[in-house]
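Structure first, then comments.
The values are calculated or read from the model by the stated rules, or taken from the named source; none is laboratory data. Model, not experiment: these values are computed from the prediction. Backbone-built Cβ (ideal geometry, glycine too); neighbour counts: all protein chains shown.
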Amino acid sequence: MTDSYRILVTGATGVVGASLLAQLENAAKSGAKVDGKPIEAIGATRSEKKKAALAANGSKAVILDLDNPDSSSGALHGVDAVFLATSYTASMCEQSKFFADVCVDVGVKHFVHLGVLIPPREAKLYVPLIAWHELAELYIKTTFPDSYTFLHAGEFLDNCLSYNGRSRIRDGTISWYSVPDRPTLWIAGADIAAVAATALLNPAHHRGKTYRLGTQVATISEACKIFSDAVGKEIRHEMMDGTQLYEETEREDPKDVGRLGYIKFIAREANRRRKDYEHRVRSGTTLSSDESRLKPFPDVEQVLGRKTMGLREFAEANKDAFLERS
């Protein structure tokens, strides 16, 4: 038993995890309490190098390798609540299962999971990544029937700047795996983190809830126009070659079979979309109504009680990053 309410943040150096850890640390400095206890935020990472970097910034950090369940027990010692962001591979199913089991063993009271937007079954979108998230959340819900919060996020705006471990904007051009006319439901990583922080700091209000996080719909071409206006310099878009994306991932780590499987799907989908787009251009046709019927969700504003970060606000907040790479 500890004197603080301990919150463990996995993926603490990632887009969402880093923002969440910072928000929780700020809340702790402001005297936030849960169950009458002052909160204590702990960042979890799988590498000693990243743990040292977190510690150098004044954060409390632990080593946690989701592929090694034995490491979870030590990292979760005395922890009351967790935020789980897994790898985007088939391994996330076993990672989530084993992690949830250890959470039960050590007495975790609240389990927040970052997932993806899940289309209705009748849409017949057979996407491996979505299936992995659904399977993981089925087990989490069974294990924490009244103590889970699920965050189903759309496309990260942050991926326009960096994706798959690489910068995606160069000389003012964003290399993106979608096509100019396909709508995307966007969300800023900072807003996802804010919803996660709100849920973790007010568990009684958010247990048993699923939030759909997507705040603005725009094609990548429309997004680039908004970015251009916001930063005062033209930002363009080029369609990413799926085969090139897979090859760069393979060069980085040819033994990471799980991630290669995920990127292989993304690459195949990118090439399919490009082929379909080129056909539409030649034939003068447009996307079907089902493909273009996307709408933002109100969940983020309802949870946070404030306006969300749209494309313009994201570009303004990251103006230096856009301009440095332009």
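Residue under question is Y148, and the condition is that it be exposed (fewer than 15 other Cβ atoms within 10 Å of the Cβ), among the aromatic types (F, W, Y) and either more than 17 Å from S96 (Cβ to Cβ) or in contact (Cβ under 8 Å) with a residue 24 or more places away in the chain (or both); does it hold? So Y148 fails the test.
So which residues in segment 23-68 are touching a residue at least 40 places away in the same chain (Cβ under 8 Å) and either assigned to a helix (DSSP H, G or I) or of a type in the set (S, T, Y) (or both)? Once the filter is applied, which keeps residues that are touching a residue at least 40 places away in the same chain (Cβ under 8 Å) and either assigned to a helix (DSSP H, G or I) or of a type in the set (S, T, Y) (or both), segment 23-68 yields Q23, L24, A27, A53, L54, S59. May I ask you to list the residues in segment 1-44 that are under 18 Å from the mean Cα position of the chain (by Cα), farther than 19 Å from V108 by Cβ and not small (G, A, S)? Once the filter is applied, which keeps residues that are under 18 Å from the mean Cα position of the chain (by Cα), farther than 19 Å from V108 by Cβ and not small (G, A, S), segment 1-44 yields T13, V15, V16, Q23. Selection of strands (runs of 3 or more DSSP E) fully inside segment 129-218 by the criterion of at least 3 residues being under 24 Å from T243 (Cβ atoms) and more than 14 Å from the chain's Cα centre (by Cα) returns 173-176. Against the list (1) among the β-branched types (V, I, T); (2) in the same structural domain as E252 (by TED's automatic domain parsing); (3) buried (at least 19 other Cβ atoms within 10 Å of the Cβ), the condition T173 fails is (3). Taking the criterion of being assigned to a helix (DSSP H, G or I) and either polar (S, T, N, Q) or closer than 23 Å to D35 by Cβ (or both), the residues of segment 101-128 that qualify are V102, C103, V104, D105, V106.
Please go through segment 200-216 and pick out each residue that is surrounded by fewer than 18 Cβ atoms within 10 Å (Cβ to Cβ) and hydrophobic (A, V, I, L, M, F, W, C). Listed by number, the list holds a single entry, A204.
A single entry from K60, K37, K33, K49 fulfils the requirement of being touching a Phe, Trp or Tyr at 6+ places or on another chain (Cβ under 6 Å) and surrounded by fewer than 22 Cβ atoms within 10 Å (Cβ to Cβ): K37. Pairing residues of segment 278-301 that are exposed (fewer than 10 other Cβ atoms within 10 Å of the Cβ) with residues that are at pLDDT 75 or above and among the aromatic types (F, W, Y), at Cβ distances under 9 Å and at least 6 apart in sequence or on separate chains, gives no pairs at all.
So, in segment 41-70, how many residues would count as being in contact with a strand residue (DSSP E or B) (Cβ under 6 Å, 6 or more places away or on another chain) and of a type outside the set (A, V, I, L, M)? Can you show your working first?
Step one: list which residues in segment 41-70 are in contact with a strand residue (DSSP E or B) (Cβ under 6 Å, 6 or more places away or on another chain), which gives 41-44, 51, 54-55, 59-62, 64.
This time we only want the ones that are of a type outside the set (A, V, I, L, M), so: 43, 51, 59-60.
Number of matching residues: 4.
Working only within segment 69-100, note down all residues that are assigned to a loop (DSSP other than H, G, I, E, B) and free of Cβ contacts under 8 Å to residues at least 40 places away in the same chain. Break it down into steps so the answer makes sense when it comes.
To start, the set of residues in segment 69-100 that are assigned to a loop (DSSP other than H, G, I, E, B) comprises 69, 76-80, 85-91.
The answer is P69, H77.
Every residue in segment 188-219 that is in contact with a Pro (Cβ under 9 Å, 6 or more places away or on another chain), touching a residue at least 60 places away in the same chain (Cβ under 8 Å) and among the β-branched types (V, I, T), please. Result: T215, V217. How about segment 9-22: which of its residues are of a type outside the set (A, V, I, L, M, F, W, C), at pLDDT 95 or above and assigned to a loop (DSSP other than H, G, I, E, B)? Hit for segment 9-22 is T10, nothing else. Output yes when any residue across segment 107-119 is out of contact with any helix residue (DSSP H, G or I) (no Cβ under 9 Å at 6 or more places or on another chain) and small (G, A, S), and no when none is. So far as segment 107-119 goes, yes, one or more of its residues are out of contact with any helix residue (DSSP H, G or I) (no Cβ under 9 Å at 6 or more places or on another chain) and small (G, A, S).
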